[in-house]
Amino acid sequence: MNQEPTPAANAIDRLIGELNKLPGIGPKSAQRLAFYLLRAPREQTGLLADAILTVKQQITLCSTCCNVTDTDPCPICRSDRRDRSMVCVVEQPQDILAIEHTGSYHGLYHVLHGAISPIEGVSASDVRIKELTDRLQDGTVHEIILATNTNLEGEQTALYLNQILLPLGIRVTRLARGLPFGTELEYADDNTLTRALEGRQEL
Ligand SMILES: [Zn+2]
């Protein structure tokens with residue numbers, strides 16, 4: 001039964017294996033994508049392979065905000081249209097995309113690249129907190145908005161940051177954690193409802 005796989009089948013297995021490692025791609029989807037790529041024109045697969053390699057070669061971290069960028073400083077840090085007195089702290093670069101998409105924030109950002117999690121052995125020195133405190137030294141920043149996730153790790157990180165930022169005399173705020181738009185109160189869980197009450201604002 002232990003037949004040697006043919007080289008061709010081996011290559012397909014390898015592609016399925018690599019695709020399967022991507023987030024959200026299970027074995028079935030990996031298989032479907034692999035056979036799609038096998039049938040796709042060589043030019044298209046070449047562009048995909050090139051885009052993957054280029055992103056790894058050209059994308060670096062902004063030396064100011066730690067966002068992913070192909071220029072340093074990144075376009076947001078470089079822009080003269082941003083409010084330099086505010087820094088919104090997020091866990092991942094894709095969180096910036098979500099906030100930018102709202103169009104309602106015009107300050108700067110700082111990307112931690114993770115959250116403090118004692119259970120998973122991630123301490124404060126494993127995320128980019130020192131880079132954040134370093135950039136606060138010149139006194140330009142007057143407010144830090146903590147926009148870490150509302151799960152346990154995000155909350156722990158926000159509490160930790162609050163502790164080390166308050167002594168610097170900077171205003172520290174946390175995103176209001178409330179009800180998602182369109183929610184009916186009777187279906188909201190206790191945690192969300194409690195936080196919505198705590199985060200209430202003047203109308
Ligand atoms: Zn930047």
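The values are calculated or read from the model by the stated rules, or taken from the named source; none is laboratory data. What you see is a predicted model, and the numbers here were worked out from it, not measured in a lab. Cβ placement follows ideal geometry from the backbone for every residue including glycine, while neighbour counts extend to all protein chains displayed. Just the protein is used for accessible areas: all its heavy atoms, side chains included, with ligands, DNA and RNA removed. Shrake-Rupley method; radii C 1.70, N 1.55, O 1.52, S 1.80 Å.
Rounded to the nearest 10 degrees, the angle from helix 42-58 to the longest Cα principal axis of the chain is 40 degrees. Relative contact order of the chain: 13 percent, from C-alpha pairs under 8 Å at least 6 residues apart in sequence. Looking at the range 160-203, the chymotrypsin sites (Phe, Trp or Tyr not before Pro) that sit in a DSSP loop and have at most 13 other Cβ atoms within 10 Å of their own Cβ are F181.
Using a Förster distance of 30 Å, how high is the FRET efficiency between T45 and R78, based on the Cβ-Cβ distance and rounded to 0.05? Don't skip to the end; give the middle numbers.
Working: r = 35 Å, r/R0 = 1.16.
With R0 = 30 Å, the Cβ-Cβ based efficiency is 0.30.
Taking other residues whose beta carbon is less than 12 angstrom from the beta carbon of V89, and scoring Lys, Arg as +1 and Asp, Glu as -1, yields -1. Taking I119, I76, I12 in turn, the Gaussian network model of the chain (Cα-Cα springs below 10 Å) assigns the largest fluctuation to I12.
Compared with the dominant principal axis of the Cα atoms in the chain, helix 27-39 is inclined by about 60°.
On the protein heavy atoms, probe 1.4 angstrom, tell me the percent of accessible surface of the range 95-193 carried by carbon and sulfur. Spell out each step's value before the answer.
Numbers: 3260 of 5960 Å².
Result for the range 95-193: 55 percent of the exposed heavy-atom area is carbon or sulfur.
Peptides 132-143, 106-117 ranked from most to least packed give 106-117, 132-143, packing being the mean of other C-beta atoms within 10 angstrom over each peptide's residues.
Of the GluC sites (Glu not before Pro) found in the range 150-203, those in coil by DSSP whose Cβ has at most 13 other Cβ atoms within 10 Å are E184, E202.
Among the trypsin sites (Lys or Arg not before Pro) within the range 58-100, those in coil by DSSP and having at most 10 neighbouring Cβ atoms inside 10 Å are R81. In the elastic network of the chain, a GNM with C-alpha springs shorter than 10 Å, the most mobile of L193, L97, L15 is L15. Think of it as helices only: each DSSP H run of n ≥ 4 in the chain is worth -39500 (n - 2.57), and spread over all residues that comes to -13000 deg cm²/dmol at 222 nm. For the chain, set up a Gaussian network in which alpha carbons nearer than 10 Å are linked by springs, and say which option among L47, L146, L61 fluctuates the most. Result for the chain, Cα springs under 10 Å: L47 fluctuates most.
Selection among A196, V87, V68 by position relative to the dipole of the chain gives V68 as farthest towards the positive end (Cβ unit charges, Cα centre). Using only side-chain charges placed at the Cβ, +1 for Lys and Arg and -1 for Asp and Glu, the dipole size of the chain relative to its Cα centre rounds to 440 debye.
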